[in-house]
Amino acid sequence: MREAHAEDSASIGEVHAEAWRVAYRDLFESRFLAAQVEIRRGQWADLLADGDLRGTVLLAERGHRVVAFSHFGTSGEDGKGEIFACYARPSAWGTGVASTLMQRVQEALAEARHRDIRVWTLSGANRSRHFYRKEGFRESGRRREWDYGDGRPVLELEYVRSIRHLRH
């Protein structure tokens, strides 16, 4: 595990794009999904280059290949810890790499003095919902509609977890 640098943008974009392409193929219309996949493939160069990215991007590697990443930090909503993105290559699903990454993310958020953390996920993304439950998160009951740009908002669910036990 290591923090991302600007030169990691293509690798992060590839992970993000492939995860979206596979995980959300039944949640979005195919042409719209293809466009969103390409946005994710290219967006990280600008995000990492400008230095204005809020929070931290942590990478999980196998050999010298990025297989998962998480972007996390302090929520602009209420100052709680928040996981803004957490994606793994589909070929890495079920290998434990995402669980290891999630543990490091939680430790980093605890070190930053957060007591509780949240993550939002699509209501139809059953794999990610199962993953967060397995990692100790629970549904908070909060929901929001989020429009990814096609004018058809999708339902997102908030998952929360206490990390008080990780604080030293």
So between SER162 and GLU3, what do we pick up on full extension, going 0.36 nm a residue minus the alpha carbon distance? 54.9 nm
Quick check: residue separation of GLU29 and ASP116 times 0.36 nm, minus the Cα distance between them. What number comes out in nm? 27.8 nm
Normalized C-alpha radius of gyration of the chain, against 2.2 N^0.38 Å? 0.99
Estimated translational D of the stretch 1-77 in µm²/s (Stokes, Kirkwood radius over Cα pairs; 25 °C; 0.890 mPa s): 186
Please give the length that would be gained between ARG144 and ARG62 if that part of the chain were fully extended, namely 0.36 nm times their separation in residues minus their C-alpha to C-alpha distance (nm, one decimal). 26.0 nm
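What FRET efficiency would be calculated for the residue pair GLU38, THR100, taking the C-beta separation as r and a Förster radius of 22 Å, to the nearest 0.05?
Efficiency for this residue pair is about 0.15.
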Zone reached by a paramagnetic label modelled 7 Å from LEU53 Cα along Cα→Cβ, restricted to the stretch 86-109 with backbone N below 20 Å, covers 86-90, 98-109
Pair-distance profile P(r), taking every C-alpha pair of the stretch 5-44, with 10 angstrom steps and integer %: 35, 48, 14, 2
Percent carbon-and-sulfur accessible area, the stretch 1-72, ignoring ligands, DNA and RNA, probe 1.4 Å: 47
Only loop residues by DSSP count here, and only those with at most 14 other Cβ atoms within 10 Å; note down the GluC sites (Glu not before Pro) in the stretch 28-91 that meet that. GLU29, GLU77
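The values are calculated or read from the model by the stated rules, or taken from the named source; none is laboratory data. What you are looking at is a predicted structure, and each value in this text was computed from that prediction instead of being measured. Cβ sites come from the backbone with ideal geometry, for glycine too, and all protein chains shown count toward neighbours. With ligands, DNA and RNA removed, areas are computed over all heavy atoms of the protein, side chains included. Shrake-Rupley method; radii C 1.70, N 1.55, O 1.52, S 1.80 Å.
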